[in-house]
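Read the figures in this text as sums done on the coordinates, not as results from a lab. Model, not experiment: these values are computed from the prediction. Neighbour counts are summed over all protein chains in view; Cβ atoms, including those assigned to glycine, are modelled from backbone coordinates with ideal geometry.
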Amino acid sequence: MKNLLIYLGLIVTIVALYGFAYTIADQSSEDGKKVFVDSKCGMCHTVKSAGLESKKSDATDLSTVGKDRTADFLTKYLKKEAKLNDKDHKSSFKGSDDDLKKLVDWLLTLKAE
């Protein structure tokens, strides 16, 4: 009986920890998406895989940006410290470093086909 209670306690703990980790991961993803929207990135960019459409007809779709880029590159590019195809990003990110990290982490999850 004692072993059964220990076993059940262990199962409950594992399930609770898994749920907690999943909630945190999902929340950080939503935080990055919120930074994208709040920073008005959608004026020039669209993310079809996340349901974000720009009104601009020639908007760059970032749905696959996470496949080809690193966190370091995206951070530098958004701060205008790196170039893409010999061009700077049109505007420097104006939010906090924490918001920039959330945005970059979210962009790295974008790997749609």
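Summarising the label geometry, the points placed 7 Å from Cα in the beta-carbon direction at Val37 and Ser49 lie 1.9 nm from one another.
Between Thr13 and Lys83, residue separation times 0.36 nm minus the direct Cα-Cα distance comes to 20.5 nm. Computed over the chain, the convex hull of the alpha-carbon atoms projects to a mean area of 9.4 nm².
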